[in-house]
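Here the structure comes first, spelled out in structure tokens, and everything after it is commentary.
The values are calculated or read from the model by the stated rules, or taken from the named source; none is laboratory data. Just so we're clear, the structure is a prediction, and the values are computed from it rather than from any experiment. Every residue, glycine as well, gets a Cβ built from its backbone with ideal geometry; the counts of neighbours run over all protein chains shown. The protein model used for the area step is the full one, side chains on, heavy atoms only, and it has no ligands, DNA or RNA in it. Shrake-Rupley method; radii C 1.70, N 1.55, O 1.52, S 1.80 Å.
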Amino acid sequence: EVQKHSVHTLVFRSLKRTHDMFVADNAKPIPLDEESHKVKMAVKLRTEYGSVLHMPTLKENMREKGGPNTGDPYGHKQYSGNQGQELEYLVTGTHPYPPGPGVALTADTKVQRMPSESAAQSLAVALPASQSRVDANRTAAGVGDIYRHAGISERSQPPGMSVAMVEAGGNKNSALMAKKAPTMPKPQWHPPWKLYRVISGHLGWVRCIAVEPGNQWFVTGSADRTIKIWDLASGKLKLSLTGHISTVRGVIVSARSPYLFSCGEDKQVKCWDLEYNKVIRHYHGHLSAVYGLDLHPTIDVLVTCSRDSTARIWDVRTKASVHTLSGHTNAVATVKCQAAEPQIITGSHDTTIRLWDLVAGKTRVTLTNHKKSVRAVVLHPRHYTFASGSPDNIKQWKFPDGNFIQNLSGHNAIINTLAVNSDGVLVSGADNGTMHLWDWRTGYNFQRVHAAVQPGSLDSESGIFACVFDQSESRLLTAEADKTIKVYKEDETATEETHPVSWKPEIIKRKRF
């Protein structure tokens with residue numbers, strides 16, 4: 001039978017239980033024992049700083065200039081200075097130590113070396129002057145003093161001015177010297193580029209473009225699943241190749257053999273023999289869409305990159321996969337090859353760029369400066385440098401270690417493609433149909449182009465997927481979302497007088513990474 005209690009008794013019991021539960025406050029810290037804390041700190045000081053305790057103590061670091069620090073809570077020895085004279089450093093001897101290994105340190109065995117008077121004097125002369133002596137020997141008030149006494153920090157001096165301190169024999173003489181802030185150098189003048197031909201024929205977005213080494217024709221790949229070959233001089237269609245079952249995302253023509261290589265979203269990589277216009281090899285291995293490809297300039301090696309987060313190296317002849325370059329954590333959007341190290345460069349949607357060791361099949365360097373997907377990489381034909389394009393910035397880098405050079409800011413769009421010629425003209429093409437032209441050396445944006453879409457297309461079909469210079473570098477070809485190929489050339493009538501560089505030597509305010 002359950003015993004009945006009054007409400008008062010039940011409440012009292014509940015209070016008692018609560019009190020018993022919380023009366024022992026386990027989280028409350030134990031009060032600090034002063035003696036044990038002193039011992040602990042003394043041991044810590046001896047074990048961690050024992051090797052430097054015998055070194056001279058800088059008098060300025062003491063809390064009271066007149067003598068030992070009376071406020072030291074741990075009772076450590078401080079070296080007092082002579083009351084009558086200003087000493088910068090106090091030269092002391094060594095701590096007591098035993099005369100040999102295994103000898104106990106006692107009052108009879110201890111050895112303690114004290115410097116002789118001449119040695120102490122020479123050491124004191126060799127030590128750098130303290131602030132007190134510098135202040136005493138200063139001949140005139142420095143600019144830093146004026147700022148300091150006015151309550152302004154020295155860093156807030158007017159821009160373009162710097163204080164040069166000349167020190168000789170312990171004296172400081174300050175001189176006000178004008179120093180120029182770093183400015184952007186004057187860019188090289190480039191003639192503007194103008195649209196002179198629009199080639200149509202594809203039934204879908206034109207996704208990729210390549211010019212053959214002889215500069216007679218060029219090849220395009222499209223979302224209509226065809227590869228078309230066009231005459232470069234006239235812009236007429238020469239040949240259509242069918243075989244891909246999805247969008248063709250990459251094409252390249254070999255300079256070493258009569259082969260054309262293509263890749264697409266159907267995971268296929270094909271080698272076409274241009275003497276028979278037939279596929280002669282397939283390269284199987286990618287697990288998802290293949291986004292780009294490049295040929296090595298000196299050896300028969302093909303490199304492809306894919307949405308499966310890898311790049312693969314193929315032997316052109318045997319179709320064997322030599323290496324699978326894994327390391328990226330998202331789709332690899334672009335790949336480039338060069339003869340010098342690093343021989344392979346990839347840009348990925350994981351925002352990184354990787355420089356690869358071709359022999360080992362491993363990453364040499366990972367560049368993480370970009371904050372958004374890297375869809376385009378281009379190598380300079382003459383300099384040992386390259387550029388990468390991302391919606392946040394175009395960045396220039398130095399080989400072989402990927403040292404950052406500069407940002408090219410201003411093309412605020414998704415950059416799909418980059419191209420550069422020997423004259424130092426860098427072209428960036430974007431998803432919104434805009435094209436910016438830059439001076440490679442200075443990063444100056446000398447021209448912006450937004451060509452109208454083909455009649456009958458929507459304005460939203462304004463987009464540049466790929467661009468390339470021909471072998472003479474006098475023509476620029478772009479592959480666009482309005483199903484056309486646009487051809488640009490330099491304006492021969494333009495001069496530096498008619499199209500001056502609207503450039504001001506402004507102070508560089510670029511982000512460094």
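Tabulated results
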quantity	calculated
Condition broken by Lys270, with the remaining ones in (1) open to solvent by less than 60 Å² (accessible area, probe 1.4 Å); (2) within 33 Å of the chain's Cα centre (by Cα) satisfied	(2)
Residue that is touching a residue at least 60 places away in the same chain (Cβ under 8 Å) and not in a strand (DSSP E or B), where the choices are Gly235, Gly285	Gly235
Verdict on Cys271 being closer than 21 Å to Val374 by Cβ, out of contact with any helix residue (DSSP H, G or I) (no Cβ under 8 Å at 6 or more places or on another chain) and in contact (Cβ under 8 Å) with a residue 40 or more places away in the chain	no
Selection count where residues are closer than 20 Å to Pro391 by Cα and either without any contact (Cβ under 8 Å) to a residue 40 or more places away in the chain or surrounded by fewer than 16 Cβ atoms within 10 Å (Cβ to Cβ) (or both), scope the stretch 432-460	7
Matching entry among Lys186, Lys238 (being open to solvent by 20 Å² or more (accessible area, probe 1.4 Å) and at pLDDT below 95)	Lys186
Test: Thr220 is open to solvent by 20 Å² or more (accessible area, probe 1.4 Å) and of a type in the set (Val, Ile, Thr)	no
Sole residue being under 38 Å from the mean Cα position of the chain (by Cα) and at pLDDT 95 or above, chosen from Ala223, Ala178	Ala223
Boolean, Ala255 is aliphatic (A, V, I, L, M), surrounded by fewer than 19 Cβ atoms within 10 Å (Cβ to Cβ) and closer than 19 Å to Leu295 by Cβ	yes
Residues satisfying the stated conditions in the stretch 275-305, i.e. open to solvent by less than 20 Å² (accessible area, probe 1.4 Å) and hydroxyl-bearing (Ser, Thr, Tyr)	Tyr283, Ser288, Thr304
